[in-house]
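A quick write-up on the structure given underneath.
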Amino acid sequence: MAPKGDNVVVSSMKLEKLLCMKGGKGEASYANNSQAQAIHARSMLHLLEETLDRVHLNSPEFPFQVADLGCSSGNNTIHIIDVIIKHMIKRFESSGLEPPEFSAFFADLPSNDFNTLFQLLPPPANYGGSMEECLAASGHRNYFAAGVPGSFHRRLFPARSIDVFHSAFSLHWLSQVPECVLDKRSAAYNKGRVFIHNASESTTNAYRKQFQTDLAGFLSARSQEMKSGGSMFLVCLGRTSADPTDQGGAGLLFGTHFQDAWDDLVQEGLITSEKRDNFNIPVYAPSLQDFKEVVEANGSFTIDKLEVFKGGSPLVVNHPDNEAEVSRAMANSCRSVAGVLVDAHIGDGLSEELFLRVEHRAKSHAKELLEKLQFFHIVASLSFA
């Protein structure tokens, strides 16, 4: 039985203040290592547009409000907001209605690099002119924009204020590593590992419970914030196996060369085994059943679509036969999403050593990585009555 939202555990404040994709515009930044997410998102645009077609069109006297939850700091979130708003403008116009004003909220944890995100935003249209002028302004955004810092596992917006919620590649991040996974006295103690891929059943069950608790809190908050007739489009890492110890693409990303690099640091005496064992990636790739149980237990949303979608490889390279380029992409991919956590746990210097070892180990497996490192996503389209 999936946990209900009312029983949600409050997020770990330490992780909430720390967790973010790597900011800035450097080589290992998320902004420069999220091309795969952009490709995967584009392949799902038809599913997003189907969701938008179900949104109720309210009176144009009220602003139409969109929120991207877990927006991060690259161009992907800006592109998605642009797609959503342009699609809704067409729907209003084709229904013979004057488009309303639009507001877009970019939401993520306080540690997110909002500065880089806001620098990427196109300039606003001239809101002093007519609505037609605003909508026709080329190279400008036709919406008001705001950043919202906070955990999406809790309330972020006033009641009945949002028409469309979008969240992509974020819900697989847990609010905290389950305490029992770090407790030596517990059967769920994840000794020798930094991720749950191929871990014990007790360990993966603890992660599954945490994921479902977090998703229950997410849905409970959105059910209070969404307008009647609104819709939600959600994408997160998923898995095709019924076995939660097989984490699919996430398992290959964090459970192979990344894991081996930690073991290298231990064997070289640079860190203790206990230091390694106290680090765990707070990610869980759910099955369709894991996800469905929570939505049905919440009871506030109608499931319009729930499926596993093949996204492809997270490694985007120009020369697939170049082992050095592939291994560098592997290290940067890991670093862009987990680097901030690694830096906080072992310091910048050892973090640099760790990712150099990830790159070195990946180099001799470049062809295998390109073939086998494939991500599957849970795609959910939910309507709110």
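Sketch the reach of a paramagnetic label on Lys90 as a point 7 Å from Cα along Cα-to-Cβ, and name the residues of the stretch 216-234 whose backbone nitrogen lies under 20 Å away. So the set is 231-234.
Counting charges near Leu306 (Lys, Arg +1; Asp, Glu -1) among other residues having Cβ under 15 Å from its Cβ returns a value of -2.
Take every Cα pair under 8 Å whose residues are at least 6 apart in sequence, average their separation, divide by the length of the chain, and the relative contact order is 23 percent. Counting Lys and Arg as +1 and Asp and Glu as -1 over every other residue whose Cβ lies under 13 Å from the Cβ of Val181, the net charge comes to +2. The angle between the Cα long axis of helix 257-267 and the longest principal axis of the Cα atoms of the chain comes to about 40 degrees, rounded to the nearest 10. Largest first, the three principal axis extents of the alpha carbons in the stretch 294-385 are 51, 34, 17 Å in whole numbers. The mean sequence separation of alpha-carbon pairs under 8 Å and at least six residues apart, normalised by the residue count of the stretch 306-385, gives a relative contact order of 54 percent. Each residue, Ala297 and Arg42, gets one label point 7 Å from its Cα in the Cβ direction; the gap between the two is 3.9 nm.
Given a Förster distance of 30 Å, report the FRET efficiency between Ala344 and Asn318 from their Cβ-Cβ distance, rounded to the nearest 0.05.
Calculated value: 0.40.
Ignoring trypsin sites (Lys or Arg not before Pro) that are buried or in helix or strand per DSSP, and keeping those with at most 13 other beta carbon atoms within 10 Å, what is the longest stretch of the chain between them? Here the longest segment lacking exposed loop sites spans 192-385.
Net length available on complete extension from Leu97 to Lys184 is 25.1 nm, with 0.36 nm assigned per residue and the Cα-Cα distance removed. In the full protein context, the stretch 156-253 carries 32 Å² of accessible surface per residue, based on a 1.4 Å probe and ignoring ligands, DNA and RNA. Counting Lys and Arg as +1 and Asp and Glu as -1 over every other residue whose Cβ lies under 12 Å from the Cβ of Asn198, the net charge comes to -2.
Label separation (Leu306 vs Ala385): 1.7 nm, computed from points 7 Å beyond Cα along the C-beta direction.
Using a probe radius of 1.4 angstrom, the carbon and sulfur fraction of the accessible surface of the chain is 50%.
When the alpha carbon coordinates of the chain are projected onto the principal axes, the ranges are 68, 46, 34 Å, largest first.
For the stretch 293-344, the gyration tensor built on C-alpha atoms gives an oblate shape. Its axis ratio a/c (a ≥ b ≥ c) is at least 1.5, and a/b is not larger than b/c.
The values are calculated or read from the model by the stated rules, or taken from the named source; none is laboratory data. As the structure is a prediction and not an experimental result, all values here were calculated from the model. Ideal geometry is used to build each Cβ from the backbone, glycine not excepted, and the neighbour counts take in all protein chains shown. Just so you know, the surface numbers come from the protein's heavy atoms only, side chains and all, with ligands and any DNA or RNA stripped out. Shrake-Rupley method; radii C 1.70, N 1.55, O 1.52, S 1.80 Å.
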